[in-house]
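Notes follow once the structure below has been shown.
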2 protein chains.
Amino acid sequence: MKANQIPLPINKLPKKWYNIAPDLPDPLPPPKEPESGPSRAMFLKKTMINECLKQESSKDRWIDIPEEIRELYIQAGRPRPLYRARRLEKFLGLKNVRLYYKREDLSPTGSHKVNTALAQAFFAAEEGKTTLVTETGAGQWGSALSYAAKLMGLSCVVFWVRAVYDWKMDRRTFMRLLGATVHPSPSKKTKIGRELLTKDTKHPGSLGIAVSEGLEYASLNEGCVYSLGSVLNHVLIHQSIIGLETIEQFKLADDTPDLIVGCLGGGSNFGGIALPFAGEMLRGNLECEFLAAQSESAPNLIKGEYRYDFGDVAEQTPLLKMFTLGHQTEMKPIRADGLRYHAAAPLVSALRNREIVKAVAYPADEKVVFDAAKVFFQTEGWLIAPESAYAVRAGIDEALVADRAGAKKVILMNISGHGFLDIEAYRDKLRL
Amino acid sequence: MKANQIPLPINKLPKKWYNIAPDLPDPLPPPKEPESGPSRAMFLKKTMINECLKQESSKDRWIDIPEEIRELYIQAGRPRPLYRARRLEKFLGLKNVRLYYKREDLSPTGSHKVNTALAQAFFAAEEGKTTLVTETGAGQWGSALSYAAKLMGLSCVVFWVRAVYDWKMDRRTFMRLLGATVHPSPSKKTKIGRELLTKDTKHPGSLGIAVSEGLEYASLNEGCVYSLGSVLNHVLIHQSIIGLETIEQFKLADDTPDLIVGCLGGGSNFGGIALPFAGEMLRGNLECEFLAAQSESAPNLIKGEYRYDFGDVAEQTPLLKMFTLGHQTEMKPIRADGLRYHAAAPLVSALRNREIVKAVAYPADEKVVFDAAKVFFQTEGWLIAPESAYAVRAGIDEALVADRAGAKKVILMNISGHGFLDIEAYRDKLRL
């Protein structure tokens, strides 16, 4: 029997996260203070989770996953299966190339974001905090943090860009069902929000404003900490669970990937699948290529410069060395909203700088990307998130090129999330 | 470590379906022709899948699952995990009762319906058919059949009650993404549809009309067969995969259920989880109780009579002996639309008649049911379908009663589907 599903037994769930920092060819450039204004590092120290900040600058290759977090991962359905995409291979007529995909779409909130949300919620509770505060754009991160907070018995406050809050009613209900307090941003809950609402009572908001409101709220309210869902080192460390599981699954499948493809906005999903494999390569155990699938709306690894920049529009973070389009760049709206970010995570940027990570960008009309998602749905049977569709598009393109050239190649794609809450986007893009 | 997830290894996926017919205390009353009109059995013989009709009257306890169907099951994510609901137990303060749930919500189309859809699509293809035809009400069955048809390389034609078709845009897009042709019913594709549209161009349709259109279409068009998603014996046989897996998982957990709870409309989900355990009991290997959770909108096992009745409003099926409210009974709309059916499957009805299956019905306003779903989401972390919420409500109620009485009891609930396409119902019912 051809079993296309490759599960990982629960007793093989990794016991440590992987931190690529000590394996990088060059030391990771540290965060820097901007030339003017207050110390951003000091501010973050007051508003963020201590354990996460410790991991942020850790030089340890392996970081223990507390037993309680492993239990939460199992509760959330980990380990997640790897699939051999035999049905897609057949549809594409591949003779030489084998395709695999990892299924983060099985997440309770629909995306890989829960991997770090659960870790952060656990550490916050350990540190005696009572409330997780964050901002959200598309709503995936807000959903994941609402979920993790509820499972750890914490409160959750989400500042959500009003322009999105107003129409994404299902995501809003989802977070509220999990007991989160969701404010459209700008809100009356903060000084900066009140000022903006005085000027314009229907201010549409922006991610920068939502970050600013969240940070202000977290810094002024008892028991609050601020949580971030991408870009930072500790987030990518938590996400390494994806790639670490997959390494074990390839052993079970008695195969080895030659190319790993993930979509990339800020880099948490790409880093999650790619960095554990990149570490194996840097330590001489594997030959492998890495490809980030981006949108031409935010091609930070392709058109960005490798320089120090803020992580947010509102300039509240320290400066991080990243491939960046500039933190105040306007980016065209796309359905794969999770890919719309001006810069790539410092850890991924460092690998890009050494040309270990390659990148490709697809047009902002997203037609070819949704076409790929439809092919994936019709062959493999899973409705995937618009963001994941970029990885599948790139995986298919690479497979066809390699196959025509007669190259034996094994390609791994990461499915970052499911598309059950994105069906309207499919209808719109494919005119169904 | 407390691992609440109990997966089943792929090599333990059952190789045979279970048919309870030969284990029933009384012989199953056979289908009957009505006193007037043409032979319904002859008509079905022409329009349905031969292998399914063969299984319909099979006296074999075990029916081989073709290797190809087992591969499709694995592709669709089977075996599905069983969970020990420790987090829910803790929330409820249970001291004596242990709760478990089986996760059919991990299905690619969001419900257990794929278990029979895949089998039917495979057999139809084996018999040289090219097109699966069906009706759908809420849209779950149409989605599952669209999926199965596409995976088997068949076409799919769905007649969908127009009143639902018009507003369930996401479900419609979902089916079309899978390549199905979806007609609002009444449609211009059939004689009966055209007649109704002549009288009223905006006729809202009904399930009975959709069945009639589907049967007419299937009987007149080359290569077509009609597929049914519930009630019939062969459907319950295919669904036995749910309970058979769960029996193996309880062995792994070194535990035994005392009570099995499932929601019940027509009976395919309830039969799927309950009948394999009921078979064990009837053969003397287990002591167990069975509880069907229903809506007061369609309490067929509670207020119905055990007598011969049609399976459909349009009187196109043979007469089946069932607990029925009457095939033309009007039922109040509820959000758990999958539970709105006038009768319970003959195999389940036979067990009800011997009082082996018990039943409970919840008010049609569904408040207590959605409250239970919210508790489940906040404790276990999974957003479940409105139908599944009935099973969880009944499971919680039974657990609290038993626990207060100090009774050691192990309760198993079946989660028939996920709620990602039902968030509006949550918003409406819980005023979020």
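The values are calculated or read from the model by the stated rules, or taken from the named source; none is laboratory data. Given the structure is predicted, the values throughout are model-derived calculations rather than measurements. Here Cβ is always computed from backbone atoms with ideal geometry, including for glycine, and neighbour counts include all displayed protein chains. Just the protein is used for accessible areas: all its heavy atoms, side chains included, with ligands, DNA and RNA removed. Shrake-Rupley method; radii C 1.70, N 1.55, O 1.52, S 1.80 Å.
The contact residues of the range B:141-173, meaning those that lose at least 40 Å² of 1.4 Å-probe accessible area when all protein chains sit together rather than their chain alone, are B:150, B:151, B:170, B:173.
Placing a pseudo-label 7 Å from each Cα along the Cα-to-Cβ vector at residue A:354 and residue A:401 gives an inter-label distance of 2.3 nm.
Mind checking the full-extension length gain between residue B:11 and residue B:169? Use 0.36 nm per residue of separation minus the Cα-Cα distance, one decimal, nm.
On the way: separation 158, 0.36 × 158 = 56.88 nm, distance 3.91 nm.
Gain on extension, residue B:11 to residue B:169, equals 53.0 nm.
May I ask you to find the residues of the range B:393-432 that are shielded by at least 40 Å² of accessible area once the whole protein assembly is considered instead of their isolated chain (probe 1.4 Å)? Residues meeting the cut-off: B:420, B:423, B:427, B:432. Summing Cβ point charges (Lys, Arg +1; Asp, Glu -1) relative to the Cα centre of the protein assembly as shown gives a dipole of roughly 240 debye. Positive-end ranking of B:292, B:208, B:362 along the dipole of the protein assembly as shown, with charges on Cβ about the Cα centre, is headed by B:208. Accessible surface buried at the B:A interface totals approximately 4600 Å², computed with a 1.4 Å probe on protein heavy atoms. From the residues A:82, A:69, A:96, which one has its Cα farthest along the dipole of the range A:46-101 in the positive direction, the dipole being from +1 and -1 charges on Cβ of Lys/Arg and Asp/Glu about the Cα centre? Projecting each Cα onto the dipole axis, the largest value belongs to A:96.
Think of chain A as a dipole: +1 on every Lys or Arg Cβ, -1 on every Asp or Glu Cβ, centred on the Cα centre; then among A:382, A:116, A:269, A:382 lies furthest on the positive end.
How high is the FRET efficiency between residue B:68 and residue B:195 when r is their beta carbon distance and R₀ equals 41 Å, given to the nearest 0.05? Each step should come with its number before you reach the end.
Working: r = 41 Å, r/R0 = 1.01.
Calculated value: 0.50.
Under the convention that each Lys and Arg Cβ holds +1 and each Asp and Glu Cβ holds -1, the size of the dipole of the range B:328-412 around its Cα centre is about 240 debye.
Excluding ligands, DNA and RNA, what is the solvent-accessible area per residue of the range B:226-288 at a probe of 1.4 Å, expressed in Å²? Show your work: numbers first, answer last.
Values: 1430 Å² over 63 residues.
I get 23 Å² per residue for the range B:226-288.
Residues with beta-carbon under 14 Å from that of residue B:82, excluding residue B:82: net charge, scoring Lys, Arg +1 and Asp, Glu -1? All intermediate terms of the calculation are to be shown ahead of the outcome.
Values: positive: B:12, B:78, B:80, B:84, B:86, B:98, B:102, B:103, B:251; negative: B:104, B:105, B:245, B:248, B:254, B:255, B:380.
For residues surrounding residue B:82, the net value is +2.
Surface composition of the range B:1-117: carbon and sulfur make up 53 percent of the accessible area, probe 1.4 Å. Please compare each pair in B:16/B:358; B:32/B:168; B:32/B:150; A:374/A:409; B:113/B:367 to a cut-off of 29 Å on the Cα-Cα distance and tell me which ones are over it. B:32/B:168; B:32/B:150, as the Cα separations exceed 29 Å there. Entry note, chain B: relative contact order of 20 percent, from Cα contacts under 8 Å with a spacing of 6+ residues. Based on Cα contacts under 8 Å between residues 6+ apart, the range A:160-211 shows a relative contact order of 45 percent.
The label point for residue B:126 and the one for residue B:365, both projected 7 Å from the Cα toward the Cβ, are 5.0 nm apart. For the range B:290-419, the relative contact order is 25 percent, taking Cα pairs closer than 8 Å that sit 6 or more residues apart in sequence and dividing their mean separation by the residue count.
Here the sum of -39500 (n - 2.57) over DSSP H runs of 4 or more residues, divided by the residues of chain B, equals -12500 deg cm²/dmol at 222 nm, to the nearest 500. Taking the DSSP bridge list for chain A and keeping only pairs wholly inside it, about 35 percent are antiparallel.
The distance between label points at residue A:96 and residue B:202 comes to 6.1 nm (points 7 Å beyond Cα on the Cα→Cβ vector).
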